[in-house]
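Student: Questions regarding the structure given below will be posed in turn.
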Amino acid sequence: MIGGVFIVLVAIWMYQAAVKAQKDNALLWVVIGCVVFFVVQFAVVKLNATLAETMMSASVDKDPAYAGELYNRTGPINSQSSGGVRAFFLFLLVEILPPFLGVVGAGFVRTMFVLKEKLTLKNIFGGIKEMFIDIGRSFKTSQQ
């Protein structure tokens, strides 16, 4: 769900950058930015899954009786369960980090290939404020 919101924002962000840079093929850059977003997000999700499987198998290999206890601890998480700080960091790692790194990947493409600017944090995340201002303006109706 979070990734869906991010991809729409990345598409708008890439389009505005391509228009600003006066690229003839702005939609092609939007597609490239979205593909980079998805590839980075997929890679981070696969990395998260691999790390989780490795950690679980390492702890089960040490004590096979621990497998049932591990399942009870990591079983279905519902809204009534709270895991404290550990669950919060796990949420950040699993849910927020992949789309954020996807945005960083799209920002890299935007900075290096669309705008052809120097690679700095300011340039990578540049234009986000203007994007939200333009989105806000699009909801206002003109009064004539």
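Student: Can you pull out the residues in the stretch 21-37 that are under 16 Å from F108 (Cα atoms), touching a residue at least 60 places away in the same chain (Cβ under 8 Å) and surrounded by fewer than 19 Cβ atoms within 10 Å (Cβ to Cβ)?
Tutor: Those that are under 16 Å from F108 (Cα atoms), touching a residue at least 60 places away in the same chain (Cβ under 8 Å) and surrounded by fewer than 19 Cβ atoms within 10 Å (Cβ to Cβ): A21, I32, C34.
Student: Let me ask something additional. Write out, first by first residue and then by second, each pair whose Cβ atoms fall under 7 Å of each other, whose residues are 6+ apart or on separate chains, and whose first residue, in the stretch 1-17, is without any contact (Cβ under 8 Å) to a residue 24 or more places away in the chain while the second is crowded, with 17+ Cβ neighbours inside 10 Å.
Tutor: A11/V30; A11/C34; Y15/A26; Y15/V30
Student: Within the stretch 14-46, work out how many residues are of a type outside the set (D, E, K, R) and over 14 Å from the mean Cα position of the chain (by Cα).
Tutor: 16
Student: If you don't mind, there's one more thing I want to ask. Taking the conditions exactly as written (surrounded by fewer than 16 Cβ atoms within 10 Å (Cβ to Cβ), at pLDDT 80 or above and either farther than 30 Å from M131 by Cα or touching a strand residue (DSSP E or B) at 6+ places or on another chain (Cβ under 8 Å) (or both)), does A58 satisfy them or not?
Tutor: Judged against the criteria, A58 is not a match.
Student: Separate question: Could you grab me the full set of residues in the stretch 115-144 that are among the hydroxyl-bearing types (S, T, Y) and not in a loop (DSSP other than H, G, I, E, B)?
Tutor: S138
Student: Condition first: surrounded by 11 or more Cβ atoms within 10 Å (Cβ to Cβ), at pLDDT 95 or above and closer than 18 Å to M131 by Cα. Can you find one or more residues in the stretch 38-52 that meet it?
Tutor: No, because not a single residue in the stretch 38-52 is surrounded by 11 or more Cβ atoms within 10 Å (Cβ to Cβ), at pLDDT 95 or above and closer than 18 Å to M131 by Cα.
Student: Further, regarding this structure: Taking the conditions exactly as written (loosely packed, with under 11 Cβ neighbours inside 10 Å and at pLDDT below 80), does A87 satisfy them or not?
Tutor: no
The values are calculated or read from the model by the stated rules, or taken from the named source; none is laboratory data. Keep in mind that this is a model prediction, so the values were computed, not measured. In this analysis, Cβ positions are derived from the backbone assuming ideal geometry, glycine residues included, and neighbour counts consider all displayed protein chains.
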